[in-house]
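Structure first, commentary second.
Quick note: the coordinates plus some simple rules give every number you see, no bench work behind them. Computed from a predicted structure; not experimentally measured. Please note: Cβ atoms are built from the backbone with ideal geometry, for glycine as well, and neighbour counts cover all protein chains shown.
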């Protein structure tokens, strides 16, 4: 007889998926004219539909990448933006654009940059905190990016293109960007799904995982490949959208009820996709309506929302450590 | 002796470990001059030494996690029919480190990885619950490890080691943080497991 186990919280995941769908519809219907729900077929199909889809996909992918990163590095504060993976990817794209490459080389650049950044963090994590390594990486990549940008300033067209990348703007992006992102996105998601159970075991630490019979080296490579593909796809689709990958998995984990089992990696990834998608769709809605007719950058909005959230996470972790010490 | 409910654990010929001239510089007295011994099956071996003597280093070398500076470690036995390290060696780390929420039952099921490879069968779940029950913590199975006390976490991790059903159990301070009742319970379990032919190696402070 198999003992009865309490269920995992599937209901919350379904509700989140429905909410993400509702947010998508809301963003399609909302514009600057003042009415909350306006229906203009041309504007919706040619302008809002591709843009909102990009927001959904980029945000969702970053959410999943964040969940995987946190489980891989066993650090609740890790995410593609905090570890410098987004910065590495976007720096590579900037360098390519400055060098005069065509925009359709951007996905390859993003993938190369993201992978390089992840490998650096992986090596760094053996010696020190991944968060500090990410800080160094982000700062260095940002500085080099600024240098490249200043070199490109003489060419307004090109520097505009680069700025759009760096600031995570969804303005003027369309189905073409989505098409370029999609192959990497699908590959990353398939790998994530297959690696899910192994990542659950890696949560116990790489040494324990090794002794229970998991090929930790191989699984680490697989997880790194997945995170790199997902992050590169997200950057290709939507540019830099900081903190999305931190906020989404954090909320996804916190939403599990007290009497239910903590969710596993696959489950967390589904929730993180929905939450990341919602964050970026709403940020994009704010970006295109708040200061209309002027557009704000979507990445700026996610950053403004995510920054305080990051601080709150650190604060809460410290509180937990303190209360843990009393508990023990 | 009472039945601990570790029904999945069958009596079988198990591997022992023989260590010759194991040396690791800078890892304490135990490994400074070359450590040699034989760990026989169906016995509990206690490595008792003060803190910093190198007990943890020795155990992680035996577990194949660290490589010694010099010397040989030979995992051997009459009837052993496997070269899967996870079937031969199970390891309890000196500290229970769970930085992210994970449920007790999932931790123990991770010990069964070599059987289920990610999709636990009913038999794996039964075995995992058996391990928790044998340590007196079956009622914790649905909780998250962050809600547990130090001693409870220690036993959850130990249950994970039992669930692996390996020939050799390398236990780095399994009693740390446990109260007297829990210590006796762990002791009884280890005796039971050794009686089934397993090699049990316990490091503890003197």
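In terms of the Cα gyration tensor, with a ≥ b ≥ c the square roots of its eigenvalues, is region A:134-184 rounded because a/c is under 1.5, prolate because a/b exceeds b/c, or oblate? Because a/c hits 1.5 or more and a/b fails to exceed b/c, region A:134-184 counts as oblate. Taking region B:108-147 and a reference point 7 angstrom along Cα→Cβ of residue B:180, no backbone N atom is nearer than 11 Å.
Spacing of the modelled spin labels on residue A:10 and residue B:74, each 7 Å from Cα toward Cβ, amounts to 5.4 nm.
Using C-alpha pairs under 8 Å with a sequence gap of at least 6, the mean separation divided by the residue count of chain A gives a relative contact order of 32 percent. Against chain A, whose longest principal axis is taken from its Cα atoms, helix A:265-289 shows a tilt of about 30°. Multiplying the residue separation of residue A:217 and residue A:194 by 0.36 nm and removing their Cα-Cα distance gives an extension gain of 6.7 nm.
Please give the helix A:10-29 orientation as an angle from the longest Cα principal axis of chain A, in degrees from 0 to 90, rounded to the nearest 10. For A:10-29 against chain A, the angle is about 10 degrees.
Could you state the number of Å between the C-alpha centres of region B:41-101 and region A:54-88? If you average the Cα positions of each part, the centres end up 35 Å apart. Kindly identify chain A as rounded, prolate or oblate by the Cα gyration tensor criterion: order the square roots of the eigenvalues as a ≥ b ≥ c, call it rounded if a/c is under 1.5, otherwise compare a/b with b/c, prolate if a/b is larger, else oblate. Oblate is the answer for chain A, as a/c is 1.5 or above yet b/c matches or exceeds a/b. Is the C-alpha gyration tensor of region B:26-123 telling us rounded, prolate or oblate? Criteria: a/c under 1.5 is rounded; beyond that, a/b larger than b/c is prolate, otherwise oblate. Cα axes put region B:26-123 in the oblate bin. With neighbour counts taken as other beta-carbon atoms within 10 Å, the residues A:43, B:108, A:222 rank, fewest first, as A:43, A:222, B:108. Here the residues B:141, A:283, B:36, A:79, ranked from fewest to most Cβ neighbours within 10 Å of their Cβ, fall in the order B:36, B:141, A:283, A:79. The ranking of A:313, A:269, B:189 from fewest to most other beta carbons within 10 Å of each one's beta carbon is A:313, B:189, A:269. The simple spin-label model puts a point 7 Å past each Cα toward its Cβ; for residue A:105 and residue B:38 those points are separated by 6.7 nm. Between 0 and 90 degrees, the angle of helix A:216-238 with respect to the longest Cα principal axis of chain A falls at about 20 degrees.
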